[in-house]
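Everything on this sheet refers to the single structure shown next.
The values are calculated or read from the model by the stated rules, or taken from the named source; none is laboratory data. Note that the coordinates shown come from a computational prediction; the quantities given were computed from them, not determined experimentally. Glycine also receives a Cβ, built like all others from the backbone with ideal geometry; neighbour counts cover every protein chain displayed. In case anyone asks, the SASA skips ligands and DNA or RNA and just uses the protein heavy atoms, side chains included. Shrake-Rupley method; radii C 1.70, N 1.55, O 1.52, S 1.80 Å.
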Amino acid sequence: MTDARTEILSRIRGALGSADSSAGAAGTTGAAGTAGVTRAPSVVPREYRSAGEHAPGSDAVLEVLIDRLVDYKAEVHRTTPKDLPRLLARLIPQRSAERQVVGSSDYRSPDVLPTTPSTPRGAVVVPHGIDQAWVSAMGGVEVRTDSREAPLSAAELDEVDAVVTAARVAVAETGTIVLDGEADQGRRAVSLVPDVHVCVVRTDQVVQTVPEAVRLLGADPERPLTWISGPSATSDIELERVEGVHGPRTLHVVLLS
Amino acid sequence: MRIALAATCIADAMFPQAPRAVVTLLERLGHEVVFPAGQACCGQMHVNTGYLADAVPVVQNHVRTFAPVTDGEWDAVVVPSGSCTGSIRHQQSMVLERAGLHSEARAAAAVAELTYELSELLVDVLGVTDVGAWFPHRVTYHPTCHSLRMLGVGDKPERLLRAVEGLELAPLAEAEGCCGFGGTFSLKNAETSAAMLDDKVATVVDTGAEVLTAGDWSCLMHIGGGLSRGGTGVRPMHLAEILASTRESPVVPGRHGSGRSGATTEVAR
Amino acid sequence: MSTFLGMPAARDRRGPGPDAAPGTLSGVGRPEDPLHWGASFPDAAKAALDNGQLRRNLGKATSTIRTKRARVVGEVPDWEALRDAGSAVKTDVMARLPELLEELERNVTARGGVVHWARDAAEANRIVADLVRARDTDEVVKVKSMATQEIGLNEALAEEGIAAVETDLAELIVQLADDMPSHILVPAIHRNRTEIRDIFLERMADAPPDLTDVPRELAMAARAHLRRKFLSAKVAISGANFAVADTGTLAVVESEGNGRMCLTMPETLITVMGIEKLIPTFDDLEVFLQLLPRSSTGERMNPYTSMWTGVTPGDGPQEFHLVLLDNGRTKVLADEAGRAALHCIRCSACLNVCPVYERVGGHAYGSVYPGPIGAILTPQLTGEESDLPYASTLCGACYEVCPVKIDIPSILVELRAREVSMTAGSAGDTADRVWSAAMKAASFAMADGARFRRAARVPRLLRAISRNGVIRKLPFPGSLWTRSRDLMEPPKQTFRDWWDGREDQR
Ligand code: SF4
């Protein structure tokens, strides 16, 4: 008996050979029908926009991004490096009061039944490569640092109220922020488990279109990528959108310029 | 122009008022209409039901009959049906090709190039939207699926209707939804077809129109059958019948199915 | 709930069908064969049509999503160019599939992943079960995946004592209700909020007893139910939306964050993927990440997309297995006309616009792949006789919205031709023989003008039974028509007889 790999590959070659390879789009040479012959990539028409008409970080692009983010129920803030620490300090405790022991049987949605906060003051996790100036003003907030070398456990992450990360790139037209796991964005678990995600995006990181972002990310395709467009959501019940399921239920996007 | 008429099998046998109206209309616009007697059917029913081999002689007959258009015998072929035009354009050469009839497949493609659905012929080829018609009734238009998606006739039929004097065009809700006919679908999946028909009939009735029109008698036969069963009083009429109507020779919507039994829809010539 | 009844005959489809009394919590049960279950399409459709609640649920849901899709597609100026590119990329993938799969394998392996190949469902299930057992756990968390639905993975794991927990909200609902998905994207589209509340209360041990049917509350109950499982699971199982050959990157597109949880928290990740899910280059993502979300959920972008390439030390699962699944796909590939069904990116837009799907729902198709795509994919995957190619009016709405431009109506016609030749080869049942004879006779009559002249006069005989210009009742098979609609009375004179008379007078 041949192994599955060999058999599947030969089935495919047989299937393509028997049905000649005219399936290739315009540009494919017809000679490639026989088994085992490496076919040249066919020409793919790429008439779509490879970039937007507005420059990254331009006012027009930012305006679109904000519109899309707000539409998907993300909270958007604009600030400067000078005011950023204070803004972050304000955002953390602001939401952390809602935190509850998620997973316990008496857990209820904050909208349904507010319960007493589990800890009087907020705790925030940050990836170790984050700009230290950002967290400098978070007086009264417990700041914990996570890294690949010294990761917090899932349970520990579940204890904190919020996470602050940077971002790799943002796409205006789709209201998307992409994290690529570098030291200022952290492990994927860090931006996932806490209930509030504060994501700081430099305005020069905002591009207009998806292709611009993909080409940028393609420089390091092996990095683990998380594309985030608003807080987690579901439309599984009568297609009615409910924001906030398993991922962070609150997404703050801080635009820094 | 010398225009060959492909009447379509269903209209020839069941709804002759549509091809007759095409003749009246085109002659009124100053064109000559010929009816090549060898024609029968475009083969769509066989193709869409999966009987491709049985479709071959039917398609061959159509191509043979209309081949003179490629030699300039006629300037164009007109078909008062979106789905038959679609089949001529998108299926005939495929059917012949599969049967290994390569040169006939090429001939089919050449005939198809010069074949037009009625609204296409009027608007694109003859360049008219106001055909000088008069039809003082409230009308709603159902864009049949094949006219809409296979041919992409767009708003040509509506433009023609809007130019008709006295005609009040009532917008149809969910207009682009299929009526559930689908040829043999209406028999093979009779219940599902009926459910779709019910919804279409309801939206037609909601328009308050006196007449339902479309570019295809097959769909009109289906919706018309539902309108009649429901006792709605709305009459189905082909687009050509409305465009053929003038003050001098008005076409009056008949009782059932444009009054085919009476003399009311007789198109005077 | 599945009891094996014995010999699986071609038309022996199991399961009670979609009509399992409205109001009952239990669904249609888990069938023996996820690609072939329940009654015939016309019968199952009929039952579904009789279920008013189902029709209301479906009608509301599909019209909502159609509107959303149309709005967000309308705002993309280069939508048609994106569709052209998407279609061409997929055509290219099929033409170069062996090389691209080998390239993917090389790149995944180079980044610390392990690639497995599975010829069929049984082999894929075996591979996954062995991997899970070796990780010493009896519970795995799962991200919604069509491929694992198709191979019945959950049932196979259950037989080995492994509980597979569906974490997508709709899949969870379907799983709790012992049901089958009825939509590719929204598997519980056939359920309304009250039914879902009742399912949770009855089947989810930790559901709050005073749970209401507010969607937000239901979603929060699911969050609470799954949270501990996410944080403690050792193994996760996922599908993949895309696999990039030139980098070895996999992508999962989702909304709720359950995907991120599964792809991030456990130590081991097992991804089961059909061999057709490939795209050649990382840059090709720029096409599909625009086409997919707008076509499927009608959003500009889905809330979360995760991409990973093998294993990233210190971040996410430290063990990654990729199972490449054939299970009939190479059969589809061998059919040049039907091959394009493999281009599908499972957006479900074709379901939402389909007038047949909208009325009968997903279960009538008797396959995990319902709707227009199911009608072309299922019969090709199984290679069996099927009535699904006829479950369409060929209205073309599916082709119009398909982001990768699969000409579904043309493939349906091809498959009908295949059905006809299959039944011609076998004895066929009476209906098949009647159809075939009728088509032969019609072909003869319609292949010649003179013969058609005579044939076209025949309907005139029906004038004898018409009243007020219509015929209200015909014997079988005409009754299939007149049961729901009148037939207009045929004319006294055919068109060509009129024409000749007119010519004579000239
Ligand atoms: S066939 Fe096209 S429209 Fe249907 S699910 Fe697949 S990609 Fe989407």
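With respect to the numbered conditions (1) open to solvent by 10 Å² or more (accessible area, probe 1.4 Å); (2) within 17 Å of residue A:224 (Cα to Cα), which one is the sole condition not fulfilled by residue C:259? If we test residue C:259 against (1) open to solvent by 10 Å² or more (accessible area, probe 1.4 Å); (2) within 17 Å of residue A:224 (Cα to Cα), just (1) comes out false.
For residue C:376, are the conditions met, namely being part of a loop (DSSP other than H, G, I, E, B) and within 12 Å of the ligand (Cβ to nearest atom)? Reasoning before the result, please.
Values: part of a loop (DSSP other than H, G, I, E, B): no; within 12 Å of the ligand (Cβ to nearest atom): yes.
Criteria not met by residue C:376.
Residues that are open to solvent by 10 Å² or more (accessible area, probe 1.4 Å), near the ligand (Cβ under 10 Å from one of its atoms) and either in a helix (DSSP H, G or I) or among the small types (Gly, Ala, Ser) (or both): does region C:316-337 have at least one? Among the residues of region C:316-337, not one is open to solvent by 10 Å² or more (accessible area, probe 1.4 Å), near the ligand (Cβ under 10 Å from one of its atoms) and either in a helix (DSSP H, G or I) or among the small types (Gly, Ala, Ser) (or both), which makes the answer no. Within the option set A:196, A:160, A:206, A:171, being touching a Leu at 6+ places or on another chain (Cβ under 6 Å) and buried (at least 17 other Cβ atoms within 10 Å of the Cβ) holds for one residue only, A:206. Is one or more of the residues making up region C:215-232 hydrophobic (A, V, I, L, M, F, W, C), open to solvent by 10 Å² or more (accessible area, probe 1.4 Å), outside any helix (DSSP H, G or I) and within 11 Å of chain A (Cβ to nearest Cβ)? Checked against the condition, which is being hydrophobic (A, V, I, L, M, F, W, C), open to solvent by 10 Å² or more (accessible area, probe 1.4 Å), outside any helix (DSSP H, G or I) and within 11 Å of chain A (Cβ to nearest Cβ), region C:215-232 yields no hits at all.
I'm trying to understand the selection: among the residues of region C:192-210, which are open to solvent by 10 Å² or more (accessible area, probe 1.4 Å) and more than 7 Å from chain A (Cβ to nearest Cβ)? Quick ask: steps written out before the conclusion?
Start the filter on region C:192-210 by keeping residues that are open to solvent by 10 Å² or more (accessible area, probe 1.4 Å), which leaves C:192-195, C:197-198, C:201-203, C:205-210.
Once the filter is applied, which keeps residues that are open to solvent by 10 Å² or more (accessible area, probe 1.4 Å) and more than 7 Å from chain A (Cβ to nearest Cβ), region C:192-210 yields C:194, C:195, C:197, C:198, C:201, C:202, C:203, C:205, C:207, C:209, C:210.
Checked against (1) open to solvent by 10 Å² or more (accessible area, probe 1.4 Å); (2) under 20 Å from residue B:145 (Cα atoms); (3) within 14 Å of the ligand (Cβ to nearest atom); (4) part of a loop (DSSP other than H, G, I, E, B), residue C:346 passes all but condition (2). With the condition kept exactly as written, say whether any residue in region C:271-288 is without any contact (Cβ under 8 Å) to a residue 24 or more places away in the chain and either assigned to a helix (DSSP H, G or I) or more than 9 Å from every other protein chain (Cβ to nearest Cβ) (or both). Yes, region C:271-288 has at least one match. Considering only region C:382-406, how many residues are part of a helix (DSSP H, G or I) and either closer than 15 Å to residue C:350 by Cβ or within 14 Å of the ligand (Cβ to nearest atom) (or both)? The number of residues fulfilling the criteria is 7.
Look at region C:422-445: where a residue is modelled with pLDDT under 80 and a partner is among the hydroxyl-bearing types (Ser, Thr, Tyr), sitting 6+ places away or on another chain with Cβ atoms under 7 Å, you get C:424/C:436; C:432/C:423.
Scoring residue B:183 on the criteria (1) open to solvent by 10 Å² or more (accessible area, probe 1.4 Å); (2) at pLDDT below 95; (3) on the phi < 0 side of the Ramachandran plot leaves a single failure, condition (3). Evaluation of residue B:149 against the conditions (1) part of a helix (DSSP H, G or I); (2) modelled with pLDDT of 95 or more shows that the sole unmet condition is (2). Has region A:177-192 got at least one residue that is facing chain C (nearest Cβ under 8 Å) and aliphatic (A, V, I, L, M)? Yes, region A:177-192 contains at least one residue that is facing chain C (nearest Cβ under 8 Å) and aliphatic (A, V, I, L, M). When residue B:116 is tested against the conditions (1) within 17 Å of the chain's Cα centre (by Cα); (2) modelled with pLDDT under 95; (3) of a type outside the set (Asp, Glu), the lone failure is (2). Considering only residues that are hydrophobic (A, V, I, L, M, F, W, C) and either within 18 Å of residue C:151 (Cα to Cα) or in contact with a Ser or Thr (Cβ under 8 Å, 6 or more places away or on another chain) (or both), which ones fall in region C:354-375? The answer is C:354, C:356, C:360, C:368, C:373, C:375. Only residues that are more than 8 Å from chain B (Cβ to nearest Cβ) and either open to solvent by 30 Å² or more (accessible area, probe 1.4 Å) or within 15 Å of the chain's Cα centre (by Cα) (or both) were counted in region C:412-431, giving 11.
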